[in-house]
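Below you'll find the structure, written out as structure tokens, and then a few comments.
The values are calculated or read from the model by the stated rules, or taken from the named source; none is laboratory data. Since the structure is predicted, the reported quantities are computational estimates derived from the model, not experimental observations. A quick note on method: Cβ atoms are made from the backbone with ideal geometry, for glycine too, and the neighbour counts reach across all protein chains shown. Heads up: the accessible areas ignore ligands, DNA and RNA and are worked out on the full protein's heavy atoms, side chains in. Shrake-Rupley method; radii C 1.70, N 1.55, O 1.52, S 1.80 Å.
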Amino acid sequence: MQSPEQQLELLKRGAAQILSEAELLSKLRLGRPLNVKLGVDPTAPDIHLGFTVALQKLRQFQDLGHQAILIIGDFTAMIGDPSGRSKTRPQLSHDQVMSNAKSFQQQAYKILDPTRTRTVFNGEWFEMMTFEQVMRLNGRVTLQQMLQREDFRGRVDRGEPVHLHEIQYPIMQGWDSVMIKADVELGGTDQLFNILVGRDLQREENQPEQVVFLMPLLEGLDGVQKMSKSLGNYVGVNESPSEMFGKLMSISDTLMARYYLLLLSEELPDMHPMEAKKQLGFRIVERYHSTAAAEAALQEFNTRFSKRDLAQAELPEFSPSQPGIDLVSLAAEAFSQCFSVSKSRSDLRRLIEQGSVQVQGEKVADPKAVPALARGDVLRLDKKHAVRIR
């Protein structure tokens, strides 16, 4: 067992904000396992690496001997977390949520130890509440409090609707903390308001207030916006080993240090950037698939790019939308269709003019060129991406 001080130093690594470190240290000194909460809404069947940042921290608490509590929001998911949203989420049925939850749990358990994880559905308490109890719970929070949230206030200021069911979300998330007597709640930096509501409700219930433990939002492959499936800048936990490895090899050297810290809880190793990136890709694939799958993905990458033997490599197949389109449009379609990467036309023109784009091993430096493509031809887009014409 590590001392409370040693645990705090370990847990702080990679955190964005802890409210407060003194409170957390005091709880660690209680000499009992802490109830550490992470709430998840299965609004989709798959998760991406951005979400695993909080799961990794929960596993760290777990390995230090604390009780990991994974709350599956089967009721909150029907609302959808409005945090950071400029419009109302589409509402899901309970059947849709429960179907997603099954897949979600399987992926979460690739990180968490299921034998040491307490998994609960918040429908266990919400479906039992009477309308009178719902009204009493709502009576603890004011509209003015809700409008302190930037996303709600911004939508009101812009004349955009904020539906009343969305206002229920922070209250429900906060009540989850009361029901499980959470000592610590994990979340992304966009969860600050919701977790503070939990502290307020715990105080009213004469419970010790939970520590707010916020993790950074992981930037996506573009290195700018947070990882999101809707933005196409994500790496899915259930993606194939080769696709996962290839996507990770496409990140910038600057972003690599961030991924090492938030995904592996380590500092960027002192080695050549390309080797460090290969190691990152290998270890992420190994974690979510297997060592054999990681070795195969690394070998495939080396064959495809390091050895430049593209003719023999297994490449994504690409079908242009129509014949006779210019090289810029062709490259844009290939990036989007095969790698879920969006590149501007100016970026693509620059790649082409620099000689990065090749057709059957021959550089094509004219962005307006209309290459004659045949089935099986290899279109190389840059140092890390290539496709085969279908």
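Quick notes on this one:
- Set of lysines near K384 by C-alpha distance (under 26 Å), chain-local residues within fewer than 8 positions excluded: K226, K229, K247, K277, K278, K307, K343, K363, K368
- For the chain, the share of DSSP beta bridges that are antiparallel, to the nearest 5, is 35%.
- Sorting 183-193, 214-224, 337-347 by average packing, meaning the other beta carbons within 10 Å per residue, from highest down gives 183-193, 214-224, 337-347.
- Farthest toward positive dipole pole in the chain [+1 Lys/Arg, -1 Asp/Glu at C-beta], among L379, S344, L264: L379
- Rounded to whole Hz, the Karplus (6.51, -1.76, 1.60) HN-Hα couplings of the stretch 30-45, x for glycine and proline: 5, x, 9, x, 7, 7, 10, 9, 9, x, 10, 10, x, 7, 8, x
- Here the label points at L10 and K229, each 7 Å from Cα along the C-beta direction, are separated by 3.3 nm in the simple model.
- Taking R304, R158 and ordering them by how much accessible surface each has at a 1.4 Å probe, largest first, produces R158, R304.
- Relative to the Cα centre, the charge distribution of the stretch 109-264, modelled as +1 at Lys and Arg Cβ and -1 at Asp and Glu Cβ, gives a dipole magnitude of about 100 debye.
- Listed by chain and number, the aspartates and glutamates whose C-alpha is less than 12 Å from the C-alpha of K37, apart from same-chain residues fewer than 8 away, are D176, D183, E185.
- C-alpha long axis of helix 291-301 to longest principal axis of the chain, angle in °: 40
- Cα coordinate range in the stretch 141-208, projected on the principal axes (Å, largest first): 39, 23, 16
- Annotation: amide H-H contacts under 5 Å for G65 (H modelled 1.01 Å from N, sequence separation of 5 or more, or interchain): none.
- Packing-based order for 270-280, 18-28, using average beta carbon neighbours within 10 Å, highest first: 18-28, 270-280
- Charge dipole (debye, nearest 20) of the chain; +1 at Cβ of Lys and Arg, -1 at Cβ of Asp and Glu: 500
- Between the stretch 185-257 and the stretch 97-162, the alpha-carbon center distance in angstrom: 17
- Relative contact order (percent, whole number), the chain, Cα cutoff 8 Å, 6+ residue spacing: 15
- At q = 0.10, 0.16 Å⁻¹, base-10 log of I(q)/I(0) for the stretch 156-264 (Debye sum, equal scatterers on each alpha carbon): -0.46, -0.88
- Backbone phi angles across the stretch 157-173, fed through the Karplus curve with coefficients 6.51, -1.76 and 1.60 (θ = phi - 60°), yield HN-Hα couplings of 4, 8, x, 9, x, 10, 7, 4, 5, 5, 5, 5, 4, x, 5, 5, 4 Hz in residue order; Gly and Pro are listed as x.
- Crossing angle, helix 327-339 versus the chain [Cα axis fit, 0-90 degrees, rounded to tens]: 40
- The listed peptides 134-143, 114-123, 42-51, ordered by packing as a protection proxy, come out as 42-51, 114-123, 134-143 (highest mean of other Cβ atoms within 10 Å first).
- Karplus-derived 3J(HN,Hα), 6.51/-1.76/1.60, for each residue of the stretch 368-379, Hz, glycine and proline x: 8, 4, 10, x, 7, 10, 10, 4, x, 5, 9, 10
- Accessible area of the stretch 281-339 belonging to carbon and sulfur atoms, whole % at 1.4 Å probe: 43
- To the nearest ten degrees, helix 49-63 and the longest principal axis of the Cα atoms of the chain are 50 degrees apart.
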